[in-house]
Amino acid sequence: MRPRATLLLLLLARSLGAQTPGAQDGGASGEERWSVYLQSTAIGQAHPGFPAEYSGFNSLPDYAEKRVSLTATVFADFRLCSFADFVIDPELAGGRGFGYVSGIAGFTNGEIPRVAGAAPSPYIARAFVRIRVPLGREQERMESAPNQLGGSQPVSSLTIIAGKFSVTDFFDNNTYSHDPRSEFINWSLMSNGAWDYPADVRGYTEGIVEDLRLRSWSLRHATVLEPEQANGRTLDTRIGKNRGEVVELEHRHAPLHHPGAVRLLGYWNREDAGNFRESLQAAAATGEVPVFDTSRRNGAAKYGFGVNVEQEILRDLGVFGRYGWSDGKTEAWAFTQIDRSVSGGVSIGGWFWKRPRDHAGAAAVRNYLSGDQRAFLAAGGMGFLIGDGRLNYHPESIVEIYYAVPMPRGFTLTGDYQHVGDPAYNRARGPVAVYSLRVHWESTLRGH
């Protein structure tokens, strides 16, 4: 969306009687008719030089780098009727990651996509209709949030979402480790690293989601479009041949009134992707470096599963963990080159040290490659994200620590440190220390 259209949307919101947080709102106990949440996030990152025995085309540069990313989003949600609403999110993003976003499978900035230009550019991130069908009379209160209208909703319902969105908006959620704008910023902490979730280069797709929600359980499924090319801009509309399917079962619980959840995710993608083993066999016959062009075919399958857990232990203290597995036979197509991933961490609120609005987190990730992908990279093959020309394999290990401090006027300042051992699974390179400073701003307009 052009900046002029975004301005018109904000003026429309104000003309409807906008309220800001803390403003008097005589209808606060009623149903929200619309909401507009605004956010902007800038992340500055730097890494010093690090030891490297050799470098290749997709290697993280071993000299010092400094990079900045910027996003700004309008989350606009409008109630169409008692059971349906419409979401549209104009977004602007710019910046450039280390090495043009290459050289680390668990990349260090979840706000940066692999786009060619660093100049900020506008686009529509989300545009979808959501229909909620009640399955009972019992109601509960839904708090207002970005792309979520405040008000009452049925405890049990079937929700259908159709349009453009990120599939991670609805799957693999985690209270403590999901949003790089307020929590951990590493790719393999914001999502299950081994889930090659369908998305264009900016992280969005088109399709349909069905979400069956009961009191303690949810079952959701999605059918969405894959990109035409690996990490490409254009989505493939040949849904009969290429598409992504994902299903997730969630159980919510609250032992001793401390909420927690367990989520089991499975995915099955079909895409115009290459096969590691077939590419190696073709290269052996010609004596050349393996490439995917020799093995790509429509409908190539990639599948896997994930386990995602979270649990509040005490007030302002929660823990989380994920495990992800993929079949490891087919090239990464949309997210990153990880075949196995295990992560865990802790989120701590400042209540413990008498700064209740502060919060901090610490987590660790270990990412792995399948035997087929190891052999492909060792022979000089390249994925869209990593490839050093050869490989002295070792699992990629990442530790991340952050501390966030709320500031006046809706700002939050976060300091973040990441230690990446064996970047791109290569014992011959690293370790790398990454220092980050995140500035996040948000504001809200709501109408009843």
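The values are calculated or read from the model by the stated rules, or taken from the named source; none is laboratory data. Everything quoted here is computed from the prediction, not taken from an experiment. Cβ: placed from backbone, ideal geometry, glycine included. Neighbour counts: every protein chain shown. For accessibility, only protein heavy atoms count, side chains too; no ligands or nucleic acids. Shrake-Rupley method; radii C 1.70, N 1.55, O 1.52, S 1.80 Å.
Only residues that are out of contact with any strand residue (DSSP E or B) (no Cβ under 6 Å at 6 or more places or on another chain), closer than 30 Å to SER144 by Cα and either of a type in the set (Lys, Arg) or in contact (Cβ under 8 Å) with a residue 12 or more places away in the chain (or both) were counted across region 391-445, and they come to 1.
Among residues that are assigned to a helix (DSSP H, G or I) and either at pLDDT 95 or above or open to solvent by less than 40 Å² (accessible area, probe 1.4 Å) (or both), ALA283 is included. Scanning region 217-252 for residues that are more than 18 Å from LEU265 (Cβ to Cβ), surrounded by fewer than 19 Cβ atoms within 10 Å (Cβ to Cβ) and touching a strand residue (DSSP E or B) at 6+ places or on another chain (Cβ under 6 Å) yields one hit, LYS241. Can you tell me which residue in region 253-264 is farthest from LEU317 (Cα to Cα), limited to those that are surrounded by fewer than 16 Cβ atoms within 10 Å (Cβ to Cβ) and not hydrophobic (A, V, I, L, M, F, W, C)? Residue satisfying both the conditions and the ranking: HIS253.
Please specify each residue of region 298-332 satisfying the condition of being out of contact with any strand residue (DSSP E or B) (no Cβ under 7 Å at 6 or more places or on another chain), more than 30 Å from PHE352 (Cα to Cα) and open to solvent by 40 Å² or more (accessible area, probe 1.4 Å).
Within region 298-332, the subset out of contact with any strand residue (DSSP E or B) (no Cβ under 7 Å at 6 or more places or on another chain) is 314-315, 328, 332.
Adding the requirement that they be more than 30 Å from PHE352 (Cα to Cα) leaves 328, 332.
Passing the criteria: none in range.
Does any residue of region 347-355 turn out to be aliphatic (A, V, I, L, M), in contact with a Leu (Cβ under 7 Å, 6 or more places away or on another chain) and over 15 Å from GLY106 (Cα atoms)? Yes, some residue in region 347-355 is aliphatic (A, V, I, L, M), in contact with a Leu (Cβ under 7 Å, 6 or more places away or on another chain) and over 15 Å from GLY106 (Cα atoms).
Taken together, PHE384, PHE352 contain a single residue that is under 20 Å from the mean Cα position of the chain (by Cα) and modelled with pLDDT under 95, which is PHE384.
Residues are listed down the side, and each one gets a yes or a no for (1) within 22 Å of the chain's Cα centre (by Cα); (2) at positive phi; (3) assigned to a loop (DSSP other than H, G, I, E, B):
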{"residue": "GLY389", "(1), (2), (3)": "no, yes, yes"}
{"residue": "ALA404", "(1), (2), (3)": "yes, no, no"}
{"residue": "THR414", "(1), (2), (3)": "yes, no, no"}
{"residue": "TYR417", "(1), (2), (3)": "yes, no, no"}
{"residue": "VAL434", "(1), (2), (3)": "yes, no, no"}
{"residue": "HIS440", "(1), (2), (3)": "yes, no, no"}
{"residue": "ARG446", "(1), (2), (3)": "no, no, no"}
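Quickly run through region 377-390 and pick out the residues that are open to solvent by less than 30 Å² (accessible area, probe 1.4 Å) and without any contact (Cβ under 8 Å) to a residue 60 or more places away in the chain.
Residue satisfying the conditions is LEU377 alone.
For (1) touching a Lys or Arg at 6+ places or on another chain (Cβ under 6 Å); (2) modelled with pLDDT under 50, each residue gets a yes or a no:
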{"position": "ARG4", "(1), (2)": "no, yes"}
{"position": "LEU12", "(1), (2)": "no, yes"}
{"position": "SER15", "(1), (2)": "no, yes"}
{"position": "ASP25", "(1), (2)": "no, yes"}
{"position": "SER35", "(1), (2)": "yes, no"}
{"position": "PHE50", "(1), (2)": "no, no"}
{"position": "GLU53", "(1), (2)": "no, no"}
{"position": "PHE57", "(1), (2)": "no, no"}
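Among the residues making up region 106-124, those that are in contact with a helix residue (DSSP H, G or I) (Cβ under 6 Å, 6 or more places away or on another chain) and either under 17 Å from VAL432 (Cα atoms) or outside any loop (DSSP other than H, G, I, E, B) (or both) are GLY106, PHE107.
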